[in-house]
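Okay, structure first, notes after.
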Amino acid sequence: MSPATALPGLAVVGGGPAGLMAAETARASGLEVDLFEAKGSVGRKFLIAGKGGLNLTHAEPMPGFARRYGVREAEVAAWLRDFGADDLREWARGLGVDTYVGTSDRVFPLDRKAAPLLRGWVRRLKDQGVRFHVQHRWLGLDEDGALRFATPEGERAFRAGATVLALGGGSWPQLGSDGAWVPALQAQGVDVAPLVPSNCGFDIGWSAHFAQRHAGAPLKPVVAHWRDADGREHALQGECVATATGIEGSLIYALSVPLREAIARDGRARLWLDLVPGREAGRLRRDLARARNGRSLGEHLRRHAGVSGVKAALLREALDPSALADMDRVADALKRLPLVLRRPRPLEEAISSGGGVRLEALDESLMLAALPGVFCAGEMLDWEAPTGGYLLTACFASGRRAGLAAAQRLRRCG
């Protein structure tokens, strides 16, 4: 390998939203910036996330917004005070992309597309002088602290005055977020929590008949009930989908942290679904107690409970034949259908990941205590949030914080 190339300013490693925002912030302060990306183009996961409509941020006001980050509420709230949802919308407007608040308070570009925003952003960064180096996969640091990269021309090394690492988590590895950076940082003494799936589906283990006939069927609306580690019960209404192996969808994603933690603690997680949230339990019992007059169970459920399709099939999964003949037990199951979740789906299938560089390994500016001059941002940090714009907002905000702090450090160091 040839000697390390000296860079005149900041190196940013990773071309997702956090890395691009770090580069933009540092360049705006007057620094020279070189950005390195493992893939052939930047923002690939950002583009895929926007395929169904780019959910850029959320209109929920603080402090509720910050509470979405769970145990990392306090730390992420500090990032959001400097660059929150309103700032993100104003930033997008500066790129010619106006946004609107949808019915669920999710914020989208008017055209709901990610590509125009990303194209405009990259074009502006290049016009401002940010240098892009694609097909440069970060391999770690050499013995002198230089950044090592695998490139089409072989391994190369670069030495920068400061570095922002924005390498992503472990979900969607085909787009670059493969977690390959974990051992390289651990070798440098950085405390990294294991990467785990977040905003993910869970395996239940349906019968072959159910999986074949109902995989992909939506369950809406339903109310999920679950108990936390202290035994307190909680409930949340939403929508989900039966899969070939279990269950997923926005409602399940929102519960992925407590469900995943229950499985890690107890070997399984219990979830109860109210399949008919608009029906009062007593009235449902009385309606189902009516004479069937020769009608099948399926027709009886459709007529008197409004239940058919996948919801009726779930009853058959949960109840044995004797219970299905007892309309009181059927009514109870419709209001509180028990499900046992056995494992989260694999990390590579998850929308996002938990774990990563522990925030305790960083100072408030997001600089690593073990590697002075190296900052981290985005999903490679140990925080997680539900979908709905919260993930992207924290990635942008942490990238801005790291880029600004790196620029300030370089200016102080001359």
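The values are calculated or read from the model by the stated rules, or taken from the named source; none is laboratory data. The structure displayed is predicted, hence computed values, not measured ones. Here the Cβ is made from the backbone with ideal geometry for all residues, glycine too, and neighbour counts use every protein chain on show.
Look through Arg260, Arg265 and report the one residue that is under 28 Å from Gly354 (Cα atoms), buried (at least 19 other Cβ atoms within 10 Å of the Cβ) and assigned by TED's automatic domain parsing to the domain that holds Lys335.
Arg260
Filter segment 147-173 for residues that are of a type in the set (S, T, N, Q) and either part of a strand (DSSP E or B) or without any contact (Cβ under 8 Å) to a residue 60 or more places away in the chain (or both); which is surrounded by the most Cβ atoms within 10 Å (Cβ to Cβ)?
Going through the qualifying residues, I end up with Thr163.
Any idea which residue in segment 355-390 is surrounded by the fewest Cβ atoms within 10 Å (Cβ to Cβ), counting only those that are free of Cβ contacts under 8 Å to residues at least 40 places away in the same chain and under 19 Å from Ala66 (Cα atoms)?
In this case the residue turns out to be Leu366.
For segment 184-219, what are the residues that are more than 21 Å from Met367 (Cβ to Cβ), free of Cβ contacts under 8 Å to residues at least 40 places away in the same chain and either within 22 Å of the chain's Cα centre (by Cα) or in a helix (DSSP H, G or I) (or both)?
If the condition is that a residue be more than 21 Å from Met367 (Cβ to Cβ), free of Cβ contacts under 8 Å to residues at least 40 places away in the same chain and either within 22 Å of the chain's Cα centre (by Cα) or in a helix (DSSP H, G or I) (or both), then Ala208, His209, Ala211, Gln212, Gly216 are the ones that fit.
Which one is modelled with the lowest pLDDT among residues in segment 174-203 that are on the phi > 0 side of the Ramachandran plot and buried (at least 19 other Cβ atoms within 10 Å of the Cβ)?
Gly176
Only helices (runs of 4 or more DSSP H) wholly contained in segment 221-311 count here; list those with 2 or more residues that are over 26 Å from Ala385 (Cα atoms). It would help to see each step written out before you state the result.
Values: elements: 250-254, 256-266, 281-288, 297-305.
Because the criterion is at least 2 residues that are over 26 Å from Ala385 (Cα atoms), the helices (runs of 4 or more DSSP H) in segment 221-311 that meet it are 281-288, 297-305.
Tally time: how many residues in segment 132-145 are surrounded by 19 or more Cβ atoms within 10 Å (Cβ to Cβ) and either in a loop (DSSP other than H, G, I, E, B) or of a type in the set (S, T, N, Q) (or both)?
Of the residues in segment 132-145, 1 are surrounded by 19 or more Cβ atoms within 10 Å (Cβ to Cβ) and either in a loop (DSSP other than H, G, I, E, B) or of a type in the set (S, T, N, Q) (or both).
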